[in-house]
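First comes the structure, then the notes that go with it.
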Amino acid sequence: MSTNNRFPRRIKTVVEAEGDYRVIEIELPEHEAPPISQQAKLNVVGHEFPRREAAEKVTGTAKYSGDYRPAGMLYGKLVRSTKPSALIREVDLSEAERMPGVKAVLSLNRDRVNYVGDVIGAVAAETEEQAEDAVRSVKVVYEEERFVVNMDRAMRDNAPKVLGQENLGRPVEFSRGDVQAGFSQADVTVEGEYKTQIEIHNPIEPSTSMVTWGEDEILLYDATQTIDLTHGGVIRALNALFPDEDITENNVRLHMDHVGGGFGCKIGPCGLETIAARLSKTTNSPVLIMISREENSLDQGNRPDSLQKLKIGAKRSGELTAIELEGYSSVGAASRGSDNLAPAGREMYKCPNVQLKYQGVFLNAGRSRACRGPGHPQSFFAFESLMDDLAEELNIDPLELRLKNYAETSDGDTGRPYSSKGLMECYEKGAEAIGWSGRNKKAGDSAGEKKRGIGMSSLLWMGGGGIPGSVVEVDLFKDGSVNIRSGVQEIGTGTTTVMAQVAAEDLGISYDDVKVQSGDSSYPPGTPSYGSLATASICPSVRNAVTETLRKLYPVVAQRYNVSEDELEAVNGVIRVKDNPSRGMHYKDAIQNVSESKITGSGRRGPNPREYVGYVFGAHFCEVEVDIITGRTKVLKFVAAHDSGRIVNPMTCRNQVHGAVVQGISYTLMEQRIMDNRTGRMANPNYLDYKILPINEAPEIEVIFSSNIDPVLNSLGIKGIGEPPRIGVAGAVANAIYNASGVRVRDLPITPEKMLNGLKARKEGSS
Amino acid sequence: MKNFALVNARTLEDAVSSLGTEWNEAVVMSGGTDLLGEMKRYIQSPEKVVNLKTVNGLEGTRSEGENVVIGAETKIADVASENTIREHLTALSMAAESVASPQIRNMGTISGNICQRPRCWYFRDTEVPCMKKGGIRCYSVAGVNTYHAIYGGGPCHIVHPSDTAVALMAFDTTLTIVDKYGTKDVPFDEFFVLPEDDASRENILKPYQVISRISVKAPDDNVKSTFIKVQEREAWDFAVASVAVSMRLEGNTCREAKVVLGAAAPVPWRSEAAENALVGKNITESVAEAAGEASVADSTPMTDNKYKTELFSNIVKRAVLELV
């Protein structure tokens, strides 16, 4: 064995996720797998494999956290506020305690509630129905206070103060250059006020926690996107609640087999875990809490709305001279910052003078949380809509205008270089695929009652290239089979599928020979599933783990060929002499020479290069049809062209894009949380009134991946895909609607109501 | 959901004798697709549910003289696919086809569809003590009324949710109502009630009554009909606006017309103004447009639903032109 430096080296490095930066200290990998070049001929990576769990899921045998129902399990239900703002004078549990089947009723001792759905207490009963009846029997005496549930009203001077302070949160500001000078240099200035709505996260699996407080272990089956974060958060919460119990990290175990999506609402503890744990401790039984769709609508997070006053200045040539934004987004009853409304203005195009400001607004309503591409769909809807207005004003083709302002480096051509940028290829291929040249030259300029039009949007995502530090373990068995293991969670994105592909590639074996163990806090620390970072975070760890594990067989090969271990390398599972590759043996042969039953090793992901900005790019194009009789819009075709670096699995990657595009169209055309000002209640906390696009309205979706493989971010050249395909959808659809109908809607969602009002105004304006 | 007793009625007599005189005593279940949701949401919590699906002879369509008789328990899917209905009552077939989703159409029945409760989100929220639930206020007036009434509203402003009722109103339709005192036939346009008469209910049915059948006079071959439904999404949605039009045509000239607006009012809403704009006229684009405009001329939209006037005007025109 190599006797190189055996002491782990630790360094401080920067983690970038969703535009936020955090310094962490990590252990450096001992041996980094060499980068896989653009030209490398690969057998598994880059090939299509269905998701590992696909058959289980479509046949209904996959077990989600709520599917574990051990004997004696109780059903937990939460007692929630029915008032938007109130002091709690009394919580009377006595009737609920006497209800049939009820085993425990607890009050959280809240002295006030800040929104409808705010949690006050919980019950556990033998059946779900009994638990529900008991919840209704808890008597809460409220002293109601004034409240405000919509952003426009919350910003008024006399508005009730949601958190006892001003309803406007601390502004976030960004500027470069001199924006006033920029506008004075402009030949043309365009501006608009844009509104986007609140979108509820609607993962197919609602938030769920099943907790067994056992003698030796507290076991949680939990629907989370972040095993580590949730595990740590639950331990802290339980220790705070039960300081006298000896709750150590190794006796709290979090497990899940499958998570049915998250989109951001399952980052960190969902709040159900500690309540289920308390109920379990009290009753000495496992307790399952799975929230209803209504509860999901009220209290599991949402993409905040926005009001964006946006202004762009440009030269007659199309060159941007100034960008200014004043933005607001409501964050609910939580001291949380606004979604980032800056990315399009700050980063997308070359522009020296930029001034952007945005802030959160507090409401008596469920809090906002990260939602698939936080801030970005809102920012790009507004910005890309206004870019099209500018193009029309300048009489320049909208795509041409974007090309004229193509930024080669970050911060609109003023910052560090990008690690790679394959956007030009996305523009070219996307425009070709949608038939860009065939779009209406004049908006609304098509005959008939069903008008067609084509639009586009650029997009970028502050991916960051992956999170350092995740660890993977590898077991090589003598029969050639392989286990890889990490505390990552499969939330339906295909993480475990691509992990197996990468391991198979580097081991020179077939994909089917690799088994992936995931979804457990007792495994080595994995990576969170957020920020479109999971693949770029964990796959390099898999490679390094394979590298480290194969190195354990170097002594066998060194002895066989009578060379030193330093003279060896491992390529596709073959351990061979660097200078004479014909001298080598596959690890499957080498492993027969060791006496252990298996060889186990582990590897970790190293840091990202600091001198580059690792962003993800793309361009969205679509064709729509607007029925001017009904005001309905149908998206006919959608082309999503993405630069996400290396695509490990084109099939699962396309799948991600399809999902995001459908979700994005749904957001653009119909989804919205509607809050009633008089009652402070959500009018539509159900799937009938909160409209989600049905699958029969999903358009033909063509997915294009750029040929770019990122040369520096990680050894595979991966950038990320989860969130980017949401980002350009609203802008592209809104621009296509304008191109089809001549109606510019600056207020999402673009419903028949708004289209009919716009069409009427246009008719009256032109006659 | 509150516990309740389930009565699987074997006969109509059985069913009506199980019913009480108050709504909270017993309710009738037909397909149950709406009732179940209401009970889960505690909008209704009856002591007893009387199941009509177990009554023999209430399902199926047959011809009786000049009438097409549809049993009360006939599935919406069967109403949509039945040949006689397709041929002679086209608008009804189209309306049935447009209901919700295949699953709901296979569960839901024609009488249940006609008698379903409104979808008003204030009515559907147990915590909101609206007029329809015995309160003193209609919350839609100062609230979000995008989907509410532009006709016949006040003091409550719901719209009637049924698609098939809109189509049935465009024909000569009679309902048969059974109670322990006997059987009576009620003309379809006398079945529904406006909130000004009874804000708590949408029709004249009493807690002790059930519908046994729906009888529609089959029009002759010169009568054509159609149905247009605008929904915000293409599946599993209620109408934002719908219209059923039937016209007796001689060549291109309209001799008789019925124009019924759905999701416009607390009841399926006959527009006599639109009908008058059609009768006696040679149907041209401008006549159709005039009928569309007439259909909303005296409407009284609320704060958020002015767009509905544009929408009805457009779809009435489109429906009329589809028939010539």
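Structural remarks
- Lys, Arg +1 and Asp, Glu -1 on Cβ, resulting dipole of the protein assembly as shown about Cα centre, debye, nearest 20: 860 debye
- Spin-label model distance (nm) - A:Arg336 vs B:Thr176, 7 Å beyond Cα toward Cβ: 5.9 nm
- Helix B:307-322 vs. chain B, principal-axis angle (Cα, 0 to 90°, nearest 10): 70 degrees
- Which of A:Thr527, A:Thr549, A:Thr212 has the fewest Cβ neighbours within 10 Å, and the rest in rising order: A:Thr212, A:Thr549, A:Thr527
- Karplus 3J(HN,Hα) series, Hz, for segment B:239-255 with 6.51 cos²θ - 1.76 cosθ + 1.60 (x for Gly, Pro): 6, 7, 7, 9, 8, 10, 10, 10, 9, 8, 10, 10, x, 9, 9, 7, 9
- For segment B:124-134, putting each phi into the Karplus relation 6.51 cos²θ - 1.76 cosθ + 1.60 with θ = phi - 60° gives couplings of 7, 9, 3, 7, 9, x, 7, 3, 5, 9, x Hz, in residue order, rounded to whole numbers and with x for Gly and Pro.
- Mean Cβ neighbour count within 10 Å, used as a protection proxy, ranking A:129-141, A:45-57, A:501-513, B:262-274 highest first: B:262-274, A:501-513, A:129-141, A:45-57
- Within segment B:226-244, backbone nitrogen closer than 20 Å to the virtual label 7 Å beyond the Cα of B:Asn106 toward Cβ: B:235-237
- For segment B:250-293, backbone nitrogen atoms closer than 20 Å to the point 7 Å from B:Asp197 Cα along Cα-to-C-beta are found at B:259-273.
- Estimated FRET transfer efficiency (A:Asn686, A:Leu87; beta-carbon r; R0 25 Å; 0.05): 0.30
- Shape category assigned to segment A:612-747 from the gyration tensor of Cα positions, a/c cut at 1.5: prolate
- Dipole of chain A computed with +1 at Lys/Arg Cβ and -1 at Asp/Glu Cβ about the Cα centre; of A:Tyr612, A:Ala736, A:Pro206, farthest Cα towards the positive end is A:Ala736.
- Computed E for A:Lys441/A:Glu173 - FRET, C-beta separation, R0 35 angstrom, nearest 0.05: 0.30
- Check: segment B:68-202 dipole with +1 on Lys, Arg Cβ and -1 on Asp, Glu Cβ, in debye: 500 debye
- Considering only the protein assembly as shown, percent of DSSP beta bridges that pair antiparallel, nearest 5: 80 percent
- Straightening the chain between A:Glu144 and A:Lys161 buys 4.7 nm, computed as 0.36 nm per residue apart minus the Cα-Cα spacing.
- Charging the Cβ of each Asp and Glu at -1 and of each Lys and Arg at +1, and nothing else, the dipole of segment A:86-225 about its Cα centre rounds to 560 debye.
- Ordering A:Thr495, A:Ser532, A:Gly455 by Cα displacement along the dipole of segment A:449-565 toward the positive end leaves A:Gly455 in first place; charges were set at the Cβ atoms of Lys, Arg (+1) and Asp, Glu (-1).
- Positive-end residue of B:Gln209, B:Val267, A:Gly72, charge dipole of the protein assembly as shown with Cβ unit charges: A:Gly72
- The stretch between A:Phe242 and A:Gln559 holds 108.4 nm of extra length on full extension. This uses 0.36 nm per residue minus the Cα-Cα distance.
- At least 24 Å along the helix axis (C-alpha) and Kyte average at least -1.0, DSSP helices within chain A: A:376-394, A:534-551, A:650-669
- Virtual spin-label span in nm between B:Trp23 and B:Val279, 7 Å along Cα→Cβ: 3.5 nm
- Fraction of beta bridges assigned by DSSP in chain B that are antiparallel (%, nearest 5): 85 percent
- For a label point 7 Å along the Cα-to-beta-carbon line of B:Thr126, residues of segment B:30-49 with backbone N under 19 Å: B:33-49
- Shielding of peptide B:38-45 by partners, expressed as the average count of other chain Cβ atoms within 10 Å per residue Cβ, is 1.
- Averaged over the residues of A:684-692, the number of partner chain Cβ atoms lying within 10 Å of the residue Cβ comes to 4.
- Residue order, fewest to most surrounding Cβ atoms within 10 angstrom, among A:Met585, A:Met151: A:Met585, A:Met151
- Cα shape, the protein assembly as shown, gyration tensor, a/c 1.5 rule: prolate
- Of the residues A:Thr547, A:Thr668, the one with the fewest other Cβ atoms within 10 Å heads the list, and the complete ranking is A:Thr547, A:Thr668.
- Theoretical ellipticity at 222 nm over the protein assembly as shown - DSSP helices of four or more residues, -39500 (n - 2.57) apiece, nearest 500: -7500 deg cm²/dmol
- At R0 = 30 Å, FRET efficiency that the Cβ-Cβ distance of A:Ser707 and A:Glu611 yields, to 0.05: 0.80
- Per-residue shielding of A:294-302, expressed as the average number of other chain Cβ atoms within 10 Å of the residue Cβ, stands at 0.
- Between B:Arg41 and A:Glu408, the modelled labels are 6.0 nm apart [label points 7 Å from Cα along Cα→Cβ].
No value in this document is a laboratory result; all are computed from the given coordinates. All values derive from a computational prediction rather than experimental measurement. No Cβ is skipped: glycine too gets one built from the backbone with ideal geometry, and neighbour counts run over all protein chains shown.
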